[in-house]
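Let me begin by presenting the structure, written as structure tokens, before commenting on it.
The values are calculated or read from the model by the stated rules, or taken from the named source; none is laboratory data. Computed from a predicted structure; not experimentally measured. Quick reminder, even Gly has a Cβ in these numbers, built from the backbone with ideal geometry, and neighbours come from all protein chains shown.
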Amino acid sequence: MDVSVNGPMLLVAAYWVAVLTLALGFGVLAIIVILRVHAQGRDRRDERARQHWLQVMREVLAGHEVQTRRLDRGEASGFIEAWNATHDTLTEDESKRLQPLGRSVGLVDAARGMLRGNYHDCAMAIIAMGHQRDHGVFDDLAPFLNDRSPIVSLCAAQALGQVDPPRAMAMFVPMILEREDWMPGNVAGILARNTDGSAALELDNSLLRASTSSMVKLVRFLADIDPGRAAAVIRQLLVSPIDDHAVSVCLQLVSDKQDAPLVADFLESPRWHVRMHAAAALGRIGDAADSQRLEPLLKDKVWWVRYRTAQALLVLPGMGEEAMRGLQLRQSDAFGRDIIDQVLSEHAMGVAA
Amino acid sequence: MNAAAHAVVAGLLPAAWVQVLASMQWVFMIYFVAINLGYLILNYISAIQIVRYMREYRASYLPPGLREYQPPVSIVLPAHNEEKTVVASVRSLLRTRYPEFEIVVVNDGSTDGTREALIEAFGLVKVPEAYRARLQTKSVEAVYASARCPRVRMVDKVQGGKSDAINAGVNCVRYPLFCVVDADCILQPDSISRVVRPFLEDRRVVASGGVLRVLNGCKVETGMLTKVGLPNRWLPSYQVVEYLRAFLFGRMGWSPMNALLIISGAFGVFYKERVIAIGGYRDDTVGEDMDLVIRLHRQMREEKRDSRIVFVPDPVCWTEVPTDLRSLRHQRVRWQRGLAESLWSNLGLMFNRRGGVAGWVAFPFMLVFEFFGPIIEVVGYFAMIVLALTGLVPLYSFLIFLAAAIGLGILLSVNAMVLEELSFGLYARPVQQLRMFLVAVLENFGYRQLNSCWRFYGTLLWLFGLRKRPRWGRIKRDGSWHQGRAAGGAVLPEEAAERSSHA
């Protein structure tokens with residue numbers, strides 16, 4: 001019988017597959033163990049440095065006289081970790097008290113060395129340089145604002161914002177529209193930390209030049225840091241709406257009572273999410289008279305619209321459980337009655353979505 | 001080969017059958033080369049992905065501000081006769097560090113005190129919720145909410161199985177994303193954040209899953225993982241390596257090609273409207289998790305919607321694996337039946353004009369290597385033994401092929417260990433690596449073959465329709481990881497690994 005797999009070529013191949021895979025398996029295991037031992041050693045060294053410098057920083061912050069020295073080779077990573085962790089817990093004024101320590105240990109030089117390292121080291125070094133607030137590092141950090149990595153570029157934006165806020169915001173804000181990969185939460189966080197007003201100014205300038213669709217993106221950030229300036233933009237977008245998404249965003253942000261009539265116009269929108277946001281907005285900024293405008297939405301075909309409407313009605317001035325019960329009695333629609341029951345029950349329990 | 005053995009085999013098997021087995025050797029050979037090549041390619045794709053992912057993950061020191069932009073998530077916890085664990089599970093979920101979430105426990109007709117335990121623990125009371133049955137389920141008897149824990153609600157319904165319970169939960173959830181969690185799984189405080197992250201980074205994402213890890217050998221205090229360790233027993237140890245292989249390159253490899261066909265039913269996040277659009281979970285299959293993901297692929301492609309189903313290598317969910325052969329057999333038979341049901345009922349995706357990599361590569365891969373694989377493997381083992389006993393394959397050839405098969409098996413397992421080391425390095429002590437290597441060697445002598453036999457049996461059960469209506473899967477658990485005392489806080493995996501290294 002011809003049993004092909006016994007052919008000498010195949011056997012030789014199988015033999016070498018066995019030898020190579022077993023050798024590779026053992027080789028890879030050796031690499032894993034070496035990597036692990038090396039990583040443990042590095043972690044121990046970084047941890048020792050971190051603990052030592054944390055203690056030094058605590059003493060500096062406590063106002064004690066501390067003898068310092070320039071960072072040793074291999075200490076930079078541990079120092080920078082301690083430096084960043086400590087700054088996270090401090091106010092801006094307290095943070096400044098650590099700057100002499102940063103200068104005396106040669107933080108900027110050590111961090112510059114780490115900028116060429118891996119992502120983690122690079123991001124940590126950028127943040128550390130930002131905390132040092134040394135104007136000399138601005139040009140070192142500025143190129144990282146264009147880094148492909150959203151993490152590194154956002155870290156650079158934060159650090160630049162600490163070093164020279166007006167210059168940083170002039171670079172950062174126009175990039176918000178271009179960088180789709182920047183998470184809105186991070187952008188908002190960086191803008192919120194700006195205290196000299198340059199972020200709001202730059203956003204305002206960008207809004208003047210922005211297309212209507214870009215305005216929607218920017219107005220969210222402006223509403224976070226300067227609601228007064230944002231209100232005018234929101235009003236403009238509500239008066240001449242571009243699409244349902246823009247309207248929904250504006251309805252979520254609107255907070256000026258004088259915009260209530262404008263908001264009420266959207267209660268009859270053909271899109272349910274616009275109706276839902278309009279109802280919720282009217283609950284925030286409307287008055288007792290608006291209950292008549294909201295009431296028809298209690299029998300809306302979409303549950304979320306009914307739910308938000310019932311919640312909005314409950315929080316309108318002059319409304320309360322009793323008024324809601326009265327409203328419920330007037331409802332001919334079972335869905336409307338049910339949703340009032342649910343919202344009142346949740347309100348009584350302090351539970352709401 | 002000794003003559004006695006030859007005579008016994010010749011007596012048992014007609015010569016024609018032996019001839020057939022001999023001529024099928026090319027099939028086994030091609031299968032063996034193809035499956036190992038396929039997994040090695042997946043392995044290298046995963047390695048590239050994980051290195052790229054970890055560069056970002058390790059640099060995840062971010063300015064605060066993300067929290068308020070994370071979308072709210074509804075956690076759906078289906079439970080059936082979980083009186084002893086459900087309260088602890090909900091408490092553990094309440095400790096998650098996610099900013100805005102709700103927990104919807106679905107009591108699927110429990111006959112023990114599950115409902116009463118929840119009512120008592122969280123002060124639940126019936127609310128007149130305007131429940132919307134967008135997905136058809138067994139009757140919902142009541143919805144409960146709590147003033148003491150406003151995040152917790154309970155849906156009490158007539159028993160309909162796990163899929164039915166999840167569908168009822170989906171009907172009840174309020175947020176655009178929902179996360180299904182098994183009642184017996186342990187999460188970490190940042191599990192939800194990690195799996196939701198892809199939704200923030202890419203608006204095309206409709207579903208996201210993460211890595212399941214083996215809980216046996218770990219320590220859990222007050223519902224949170226506090227120390228990562230390896231199990232002391234062999235059976236769960238084999239499964240540690242198996243899970244690493246399955247998740248770190250079995251799934252991670254498909255994700256960048258948007259061809260991931262399964263997100264574990266134990267933990268996954270989904271965009272609610274997309275799940276409702278495909279009719280929710282099917283209640284007539286035991287592989288409801290895989291079926292859902294494949295149907296999502298089909299629907300997205302039929303609608304020509306640019307969407308993504310993604311997988312993150314983060315260890316987000318820890319589950320206790322079977323420690324006895326009976327439970328393990330039951331689980332594997334069930335998984336294989338689920339796989340068969342999911343693949344056969346979604347054959348339309350394969351080689352579909354719009355199927356993409358999922359339809360043209362991943363689906364056929366699953367069909368050939370995961371569905372037919374056990375059949376080929378079991379017949380292959382049988383054929384090699386018969387041919388060796390009859391002398392048609394000389395003993396030295398048999399041993400060389402066996403060594404090649406074992407060598408490739410070990411290489412795949414060790415590659416999974418490298419991926420683990422490159423990513424989270426949870427098994428931190430060198431001795432743990434050595435032990436896992438030993439397990440990776442030993443699993444080739446019996447464990448893998450046993451698994452193939454069980455899966456083969458599962459395929460037969462499905463093929464001959466010998467299946468009961470899907471209900472709740474149950475495995476015997478020893479719970480040795482659980483620490484009753486309330487001391488100690490929850491830790492992140494890297495912290496847990498750190499503790500483990502000093503244990």
For B:Asn232, which of the numbered conditions (1) surrounded by fewer than 20 Cβ atoms within 10 Å (Cβ to Cβ); (2) more than 26 Å from B:Pro430 (Cα to Cα) fails to hold? (2)
Go through the range B:395-407 and count every residue that is over 15 Å from B:Gln449 (Cβ atoms) and facing chain A (nearest Cβ under 7 Å). 5
Scan the range A:39-62 and give yes if some residue there is under 38 Å from the mean Cα position of the chain (by Cα), facing another protein chain (nearest Cβ under 10 Å) and of a type in the set (A, V, I, L, M, F, W, C), otherwise no. yes
Condition first: in contact with a His (Cβ under 9 Å, 6 or more places away or on another chain) and surrounded by fewer than 19 Cβ atoms within 10 Å (Cβ to Cβ). Can you find one or more residues in the range A:175-191 that meet it? no
Say whether the condition of being crowded, with 20+ Cβ neighbours inside 10 Å, within 13 Å of chain B (Cβ to nearest Cβ) and touching an Asp or Glu at 6+ places or on another chain (Cβ under 9 Å) is met by at least one residue in the range A:293-300. yes
With among the aromatic types (Phe, Trp, Tyr), modelled with pLDDT of 90 or more, more than 30 Å from A:Ala278 (Cβ to Cβ) and surrounded by 18 or more Cβ atoms within 10 Å (Cβ to Cβ) as the only criterion, which of A:Phe138, A:Phe172 stands out? A:Phe172
Determine, yes or no, whether A:Asn205 is away from every other protein chain (no Cβ under 14 Å), touching a helix residue (DSSP H, G or I) at 6+ places or on another chain (Cβ under 9 Å), surrounded by fewer than 17 Cβ atoms within 10 Å (Cβ to Cβ) and farther than 21 Å from A:Leu237 by Cα. no
Scan of the range B:255-271 for residues that are surrounded by 21 or more Cβ atoms within 10 Å (Cβ to Cβ) and not in a loop (DSSP other than H, G, I, E, B), ordered by number: B:Ser255, B:Phe267, B:Gly268, B:Val269, B:Phe270
Just to be sure I understand the filter: pairs with C-beta atoms under 7 Å, separated by 6 or more residues or on different chains, first member in the range A:311-336 and touching a residue at least 40 places away in the same chain (Cβ under 8 Å), second member surrounded by fewer than 17 Cβ atoms within 10 Å (Cβ to Cβ). Which pairs pass? A:Gln311/A:Ala352
Pick from the range A:330-353, criterion part of a loop (DSSP other than H, G, I, E, B) and more than 7 Å from every other protein chain (Cβ to nearest Cβ), ranking: modelled with the lowest pLDDT: A:Ala352
Scope the range A:176-188; condition in contact (Cβ under 8 Å) with a residue 12 or more places away in the chain and not aromatic (Phe, Trp, Tyr); matching residues: A:Ile176, A:Leu177, A:Arg179, A:Asp181, A:Met183, A:Pro184, A:Asn186, A:Val187, A:Ala188
B:Arg308: passes all of (1) surrounded by fewer than 23 Cβ atoms within 10 Å (Cβ to Cβ); (2) within 22 Å of B:Trp234 (Cα to Cα) but (2)
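For (1) out of contact with any helix residue (DSSP H, G or I) (no Cβ under 9 Å at 6 or more places or on another chain); (2) assigned to a helix (DSSP H, G or I), each residue gets a yes or a no:
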residue: A:Phe221; (1), (2): no, yes
residue: A:Ile234; (1), (2): no, yes
residue: A:Leu237; (1), (2): no, yes
residue: A:Ile242; (1), (2): no, no
residue: A:Ser248; (1), (2): no, yes
residue: A:Pro261; (1), (2): yes, yes
residue: A:Asp265; (1), (2): no, yes
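A quick yes/no check of all residues on (1) in contact with an Asp or Glu (Cβ under 7 Å, 6 or more places away or on another chain); (2) within 26 Å of B:Leu212 (Cβ to Cβ); (3) of a type in the set (D, E, K, R); (4) surrounded by fewer than 21 Cβ atoms within 10 Å (Cβ to Cβ):
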site	(1), (2), (3), (4)
B:Thr390	no, no, no, no
B:Ala404	no, no, no, no
B:Ile410	no, yes, no, no
B:Leu419	no, yes, no, no
B:Phe424	yes, yes, no, no
B:Pro430	no, yes, no, yes
B:Arg435	no, yes, yes, yes
B:Leu461	no, yes, no, yes
Identity of the residue in the range A:303-318, part of a loop (DSSP other than H, G, I, E, B) and at pLDDT 90 or above, that ends up farthest from A:Phe266 (Cα to Cα): A:Pro317
Given the condition on the phi > 0 side of the Ramachandran plot and within 11 Å of another protein chain (Cβ to nearest Cβ), answer yes or no: does some residue in the range B:353-376 qualify? no
Is there a residue in the range A:7-21 that is surrounded by fewer than 17 Cβ atoms within 10 Å (Cβ to Cβ), assigned to a helix (DSSP H, G or I) and away from chain B (no Cβ under 14 Å)? no
Within the range A:179-198, which residues are within 22 Å of B:Arg197 (Cβ to Cβ) and more than 11 Å from chain B (Cβ to nearest Cβ)? A:Arg179
Provide a single number: the residues in the range B:266-305 that are at pLDDT below 90 and under 24 Å from B:Ser193 (Cα atoms). 1
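Conditions tested, residue by residue: (1) touching a Lys or Arg at 6+ places or on another chain (Cβ under 9 Å); (2) within 11 Å of another protein chain (Cβ to nearest Cβ); (3) at pLDDT below 80; (4) surrounded by 13 or more Cβ atoms within 10 Å (Cβ to Cβ).
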| position | (1), (2), (3), (4) |
| --- | --- |
| B:Val51 | no, yes, no, no |
| B:Ala59 | no, yes, yes, yes |
| B:Gly65 | yes, yes, yes, yes |
| B:Pro72 | yes, yes, no, yes |
